[in-house]
Structures are given as C-alpha cells and as structure tokens.
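Accompanying notes for the structure given below.
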Amino acid sequence: MFLKKKILYFNIKSIYICLIIITILSKEKSLDTNQQNILVIPFKTYFPKVYEYPNKSKILIISWIRKKLFLELENYSGQKLSMILNTQEPKMHTRDVVALIRSADKYYEAYNENVSDICSFNYEKSNTYQLISPFDSELYSISKTCYAKEKIYIYKDLNLKTKNIYDIEFIHSSNETHICFFSGLQLTESSIENDINLFYQLKNLTNSKTFSWTLKFNSPEEGYFIFGDIINNKELNFYNDNNEDNYIPLNVETFFLNNINWKIYFEKIFFDDYIIKSDIQICFFIDIQTRYITVPKEYFYNIKLKYLLTNENISSSDPKFICHDEESEFFFHSVYCDKKEYLELTDNYKKLPTLNMYGYRLGVNITFTPKELFLEKDDKIYFFIAYNSNLNDEWHMGHIFLEKYITVFDNNEKKLSILKQRTKAINKDENDNSDISLIILIAVLVFVLSALIFSFLGILFSKKMYLMRKKKANELDDEYEYSSQDINNPINSENSLNN
C-alpha cells in the first residue's frame with residue numbers, strides 16, 4: 001500500500017512539473033508579445049471625379065494622379081473620419097479642401113468639388129468633440145481655427161478584432177461641417193506642437209519604443225497603416241519572417257531638422273542586357289500618393305522605346321502606333337496601349353523582361369515584373385513608369401514599391417528598413433530558435449511519457465510483489481496446521497512436540 005502511494009505521488013509530481021514548464025514557456029511568449037505594441041488603422045484610396053476631358057483613358061490617368069491615401073477612422077458617435085496622408089506636414093488639422101489641383105501651367109486651385117464624398121466629419125453632431133482653445137488660431141490662410149480633440153477608435157491588431165477609444169488632438173477649422181482630417185508623416189520640430197502631431201500622439205497611446213510606421217498594402221488601393229514596435233513583432237505576419245535580420249536598414253539624411261525626404265539609392269537600373277542608367281548614385285524619392293515610378297524625360301523615352309515596343313519599326317509618328325504618350329495635368333506624361341493590338345504585337349506583355357534596380361548598399365535587386373508594371377483595364381493596358389516635368393529630372397518611386405516590399409520607416413532614428421523577399425536558404429538564427437523550441441518540446445514529451453511509463457511499471461511491479469508475498473504466506477500455512485484441539489490439550493501438544 002505504501003509503494004502504491006509513492007508511485008501515485010511521483011506521477012502527480014511529474015505532471016505538475018510538466019505543467020509548470022509549459023506555463024513558463026507560455027508566459028515568456030506572452031511577455032515578449034506584450035512588450036511590442038502596435039496600433040492599426042485601415043487606409044483606403046480616394047479618387048476625385050474628373051469631368052474636364054472626353055477621353056476615358058485620360059480621365060482615369062488624371063484620377064490616379066489626383067488620388068489620395070487616407071486613414072479610415074471612426075469616432076465615438078459612429079461618424080466616419082477620413083484622415084488624408086501626406087509626407088511633409090507635422091501638424092494634424094482639418095479642412096474642407098481635399099487637395100490643390102493644377103489647373104493651368106502655373107496655377108493651382110483648391111479641389112473641393114464633391115468633397116462630401118470623402119470629408120464627412122460633422123463636429124456639430126459629435127457627442128465627444130471638445131473645444132480646447134478659442135477661435136483665434138491661424139493655419140494656411142484660414143483665419144478662424146481652434147484647437148480641439150475628439151474620441152476615435154483605433155485597432156490594436158491586424159485582424160481588427162481589438163480596438164480602444166482614444167482622445168486625438170488637432171487644429172480644427174470649426175466653421176465647416178463637412179471636413180477631412182489631414183496629417184503629415186513627419187515629427188514636429190517644436191515640442192509645443194507634440195500634442196497635435198500624429199506620431200507623438202500614437203506613441204503615447206501605444207507606449208511603443210519607437211516612432212516606426214509602415215503601410216501594408218492588401219491591394220493597390222487599400223491596406224493597413226501600422227504604427228509602433230513593428231520589427232521583431234511576432235504578431236505581424238508578412239511575406240518573410242518579421243525578424244530584424246531579414247531587413248535591410250538604410251539611414252536617411254535630413255537637412256531641415258525633423259523633416260525627412262524618404263529615399264533609396266541605386267547604382268544600376270536595367271532589364272536583360274539593356275542598362276537604363278548606371279551611376280554612382282541614383283536617388284529615388286518615395287512617394288506614397290502615386291503608384292507610378294517617375295523618371296527623367298530622357299530615360300522615360302528610352303524605356304518606352306526599348307521596353308514597351310518589341311517592333312522598332314513602329315514609332316509614335318506611325319498611324320499604326322498602338323501605344324499612346326498621354327500628357328495630363330500639363331506636366332504628367334504616361335503611356336497606355338490598346339490591349340488587343342498590343343498583345344498581338346508582343347505576343348504577351350507578361351513575357352517582357354523584369355525591371356531590376358540594384359544598390360550596393362542594399363545588396364539585393366529590387367525587381368518589378370511586367371505583371372507588376374502594367375494594369376489591364378477595359379480595352380487598354382496602362383504602364384506605370386512615367387515622366388513628370390514638375391520634378392526637375394528627379395527619380396520618384398511610387399507606392400508600387402511599397403505594395404511589394406514591406407518598408408518600415410522610423411522617423412526618430414531617420415532610418416528605413418526594407419524586408420527582403422523570402423529565399424530558400426533558412427536563416428541561421430531561425431534554425432537556432434527552431435532547434436531550441438524543438439529540444440524543449442521533445443524534453444517535455446519525453447518527461448511526460450517517462451512519467452507515464454514508470455507509473456505503469458510501478459503499478460505492475462507492486463501488484464506482482466503483492467502476489468508473491470501472498471504466495472509465501474500460503475506456503476507457510478501448508479507446512480504446519482494449527483487446530484483447536486492442540487490448543488485446548490497441553491499434553492497432546494507436548495507429546496506431539498516430543499515425537
């Protein structure tokens with residue numbers, strides 16, 4: 001009986017130890033995750049309506065030029081709040097104008113036609129709008145503005161299952177009732193303006209260690225804006241493991257305090273054996289509002305001739321020319337082709353070579369396949385390399401780059417990190433981590449299995465011992481048999497002993 005209790009105690013103790021090990025491992029994983037805080041806001045694309053031209057292709061191209069990425073927010077009262085993003089402004093504010101649209105060679109005009117299609121915030125109908133200052137501030141020639149705050153919901157995960165309500169402060173042009181929010185993706189230069197800067201507010205809300213952010217595109221028109229501790233965050237799943245070793249870090253210089261022009265340097269741009277440009281430094285500025293890659297005029301026409309057309313006998317002066325160089329907004333030159341005729345000419349544009357951009361600092365090729373550079377729509381094929389005369393021969397990389405490569409921007413460190421595409425080779429650290437996890441798992445399983453086996457053998461052994469002891473006791477009974485007569489008659493007992 002004592003042996004049974006001892007075995008049972010050993011069995012319970014073994015299981016208890018296993019549970020402790022599993023709990024510790026789970027707790028370590030939980031602590032590691034909780035230390036990496038993020039906020040997630042869905043973003044979408046707004047396409048202003050274009051009525052000026054009869055050409056449908058030109059209208060489409062202009063809408064792509066004018067389009068705006070905006071964060072889709074919601075306040076406590078259930079109103080949708082559209083926050084239009086730009087790369088320059090540090091202050092968060094509201095306005096009833098979507099953008100400035102170039103309407104002539106030297107002039108711009110405010111675009112506010114059908115502005116209610118996107119600008120839907122009405123402070124008068126909000127239950128949580130609060131005035132912080134009187135209407136005596138001035139911003140962008142708007143004489144009557146104030147400081148205000150509003151309660152909005154922000155998600156804490158990519159599945160959009162968990163959200164909290166937060167106070168957000170901003171400069172408000174409060175005389176309007178159909179307005180948009182605007183926010184630049186820059187840190188403010190003045191500590192006094194921290195309260196109306198998007199990044200400072202988000203960092204305080206999430207208690208993150210960094211000012212990191214990224215745009216995760218689910219399609220060319222929508223995705224998630226993520227802010228906080230992104231790199232090494234196990235809750236974020238991208239096309240490659242989200243480990244720091246899988247990122248290419250690039251430092252970015254700033255010339256005006258915290259104002260950053262995000263850019264990437266290449267040394268060679270080519271497809272197949274044709275070199276588009278080879279230089280010590282080819283600087284591409286990153287533009288989140290356009291999908292196009294824009295290049296200087298000389299290179300635009302070289303690419304159009306060498307890449308787009310496989311038949312060099314066809315030129316822009318030929319009446320059979322099937323690809324059109326379209327000028328839009330007085331400064332933007334892009335190309336679209338008649339789908340049926342172009343496919344007949346090229347057999348299949350998807351068989352065209354891949355565009356490569358190589359940078360020594362990157363150590364890898366940034367590539368775009370024909371499928372990524374073209375878009376089929378209706379009976380046309382649109383090409384996403386263009387020339388912008390307003391950019392003074394600058395090279396610009398649209399969000400066609402961000403759609404393919406997860407890029408984490410850190411404003412405080414003035415650094416961007418590009419997540420490499422997954423390769424067949426497995427990272428050494430990943431091997432080490434997986435080996436450690438596998439060893440722990442095997443150890444726990446062996447421990448549990450051993451406990452069960454020893455418990456079974458112990459019970460079986462104790463049963464056999466019990467039977468053996470019982471058998472010996474029976475053998476003693478067979479050698480000498482006591483009777484009540486011997487006990488009651490001492491003489492007989494004595495005689496029997498003497499005999």
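Restricting attention to the stretch 67-91 and to residues that are assigned to a strand (DSSP E or B) and of a type in the set (Lys, Arg), the residue that is nearest to ILE154 (Cα to Cα) turns out to be LYS80. Against the conditions (1) closer than 23 Å to HIS93 by Cβ; (2) in contact (Cβ under 8 Å) with a residue 60 or more places away in the chain; (3) crowded, with 16+ Cβ neighbours inside 10 Å; (4) out of contact with any His (no Cβ under 9 Å at 6 or more places or on another chain), ILE165 satisfies every one except (3). LYS44 meets the stated requirement of being charged (D, E, K, R), surrounded by fewer than 18 Cβ atoms within 10 Å (Cβ to Cβ) and at pLDDT 90 or above.
Let's see how each residue does on (1) outside the structural domain of TYR200 (by TED's automatic domain parsing); (2) at pLDDT below 95; (3) among the charged types (D, E, K, R):
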{"residue": "THR354", "(1), (2), (3)": "yes, yes, no"}
{"residue": "GLY359", "(1), (2), (3)": "yes, yes, no"}
{"residue": "LEU362", "(1), (2), (3)": "yes, yes, no"}
{"residue": "LYS380", "(1), (2), (3)": "yes, yes, yes"}
{"residue": "ALA386", "(1), (2), (3)": "yes, no, no"}
{"residue": "SER389", "(1), (2), (3)": "yes, yes, no"}
{"residue": "THR407", "(1), (2), (3)": "yes, no, no"}
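This table checks each residue for (1) within 30 Å of LEU160 (Cβ to Cβ); (2) surrounded by fewer than 13 Cβ atoms within 10 Å (Cβ to Cβ).
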{"residue": "THR177", "(1), (2)": "yes, no"}
{"residue": "SER219", "(1), (2)": "yes, yes"}
{"residue": "TYR224", "(1), (2)": "yes, no"}
{"residue": "SER278", "(1), (2)": "no, yes"}
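Those residues that are touching a residue at least 60 places away in the same chain (Cβ under 8 Å), in a loop (DSSP other than H, G, I, E, B) and within 22 Å of ASN246 (Cα to Cα), I need them from the stretch 372-410; list them, please. Within the stretch 372-410, HIS399, ILE406 qualify. If you go through the stretch 262-276 and keep only what is outside any strand (DSSP E or B) and surrounded by fewer than 19 Cβ atoms within 10 Å (Cβ to Cβ), you end up with ASP272, ASP273.
Being part of a helix (DSSP H, G or I) and touching a helix residue (DSSP H, G or I) at 6+ places or on another chain (Cβ under 9 Å), is that true of even one residue in the stretch 353-361?
No, because not a single residue in the stretch 353-361 is part of a helix (DSSP H, G or I) and touching a helix residue (DSSP H, G or I) at 6+ places or on another chain (Cβ under 9 Å).
Residue pairs, Cβ under 8 Å, 6 or more apart or interchain, first in the stretch 90-107 and surrounded by 11 or more Cβ atoms within 10 Å (Cβ to Cβ) and acidic (Asp, Glu), second at pLDDT 80 or above and not in a strand (DSSP E or B). List them. Qualifying pairs under 8 Å: ASP96/CYS119; ASP96/SER173; ASP96/HIS178. Tell me, please, whether a residue that is farther than 18 Å from GLU413 by Cβ, out of contact with any helix residue (DSSP H, G or I) (no Cβ under 9 Å at 6 or more places or on another chain) and without any contact (Cβ under 8 Å) to a residue 12 or more places away in the chain can be found in the stretch 171-189. So far as the stretch 171-189 goes, no, none of its residues is farther than 18 Å from GLU413 by Cβ, out of contact with any helix residue (DSSP H, G or I) (no Cβ under 9 Å at 6 or more places or on another chain) and without any contact (Cβ under 8 Å) to a residue 12 or more places away in the chain.
The values are calculated or read from the model by the stated rules, or taken from the named source; none is laboratory data. These numbers were taken from a predicted model, which means no experiment stands behind them. A quick note on method: Cβ atoms are made from the backbone with ideal geometry, for glycine too, and the neighbour counts reach across all protein chains shown.
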